[in-house]
Amino acid sequence: MSRSLPVIVGALAALVAVAAVALFLPLGSEEPATPRVTLVTGPTPLMPTEPTSRPTSAAASVVTPTASPSIGTEVGDLGPDFSLAAPDGRTVRLSDFRGHPVWINFWAPWCPACRTEMPRIEGLYQEHQADGLVVLGVAVQDSREAVVAFVDEVGATYPIVSDTDGRVAAQYGALALPVHYWIDHGGIIRDWAFGELPPDLLAASLERILVP
């Protein structure tokens, strides 16, 4: 019995060693198993060809500078600048009033419709002068004396200039009077009309350039 005890102990140790190796080796392999890593993949997101209108983050927002408006006489254009003489001899430029809403009225003393609506224009000017409104009356192809006489008769208090050769009127397409242009504080044309307009239409167009 004393001789067989070491043999039994040795056999048990060998069995334990074999069992330990079996736990770490797959069946039929003599090398340790290599762990497997499984990658779960999905479809690759498509990159947008154009920037989205509503970026999802501030970093995705790109500010694109807007193009400068073209100079012209259509709505959305930058009104062409001009300089004309006032009855007192001063030179007045349209750009002098940049920063203010400007209502240009092409008129003439010999124009019946112009004579009829000028008091209405004066009334709206007095009503909105505190809002920064500038009315610029451009008298087309008439003498200084006739212009001054009619302005005094009506009592117009807004600036009046003389386009004696009709150059500016032609530039703005004012070939039949009266013609109106409503220009915002940035010099952009927001509305225009020709012919004598009733007070409600005048006021509606004026609202397009007045800042609330």
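Some notes on this structure:
- Count of the stretch 102-120 residues, restricted to those that are in a helix (DSSP H, G or I) and touching a residue at least 24 places away in the same chain (Cβ under 8 Å), is 8.
- ALA139 vs. criteria buried (at least 17 other Cβ atoms within 10 Å of the Cβ) and assigned to a loop (DSSP other than H, G, I, E, B): no
- Pairs with Cβ under 7 Å, 6+ apart, first in the stretch 187-212 and more than 16 Å from LEU94 (Cα to Cα), second charged (D, E, K, R) and part of a strand (DSSP E or B): SER205/ASP191; ARG208/ARG190; ARG208/ASP191
- Filtered by the rule that a residue be at pLDDT 95 or above, under 19 Å from ALA204 (Cα atoms) and in contact with a Gly (Cβ under 9 Å, 6 or more places away or on another chain), the stretch 119-141 gives ILE121, GLU122, GLY132.
- Residue check for GLU196: assigned to a loop (DSSP other than H, G, I, E, B), of a type in the set (Asp, Glu) and surrounded by 13 or more Cβ atoms within 10 Å (Cβ to Cβ): yes
- Scanning the stretch 160-183 for residues that are surrounded by fewer than 19 Cβ atoms within 10 Å (Cβ to Cβ) and assigned to a loop (DSSP other than H, G, I, E, B) turns up THR164, ASP165, GLY166, GLY173, LEU175, ALA176.
- Filter result (touching a residue at least 40 places away in the same chain (Cβ under 8 Å) and assigned to a loop (DSSP other than H, G, I, E, B)) within the stretch 82-101: PHE82, ALA86, PRO87, ARG98, GLY99, HIS100, PRO101
- Sole residue being basic (Lys, Arg), surrounded by 17 or more Cβ atoms within 10 Å (Cβ to Cβ) and either modelled with pLDDT under 95 or touching a strand residue (DSSP E or B) at 6+ places or on another chain (Cβ under 8 Å) (or both), chosen from ARG144, ARG115: ARG115
- Considering the stretch 147-178, and only residues there that are of a type outside the set (Gly, Ala, Ser) and within 27 Å of the chain's Cα centre (by Cα), the residue that is nearest to ILE121 (Cα to Cα) turns out to be TYR172.
- Qualifying residues in the stretch 142-159 (those that are part of a helix (DSSP H, G or I) and touching a residue at least 40 places away in the same chain (Cβ under 8 Å)) - the one farthest from ALA203 (Cα to Cα): ARG144
The values are calculated or read from the model by the stated rules, or taken from the named source; none is laboratory data. Since we're looking at a predicted model, the values are computed, not measured. Cβ: placed from backbone, ideal geometry, glycine included. Neighbour counts: every protein chain shown.
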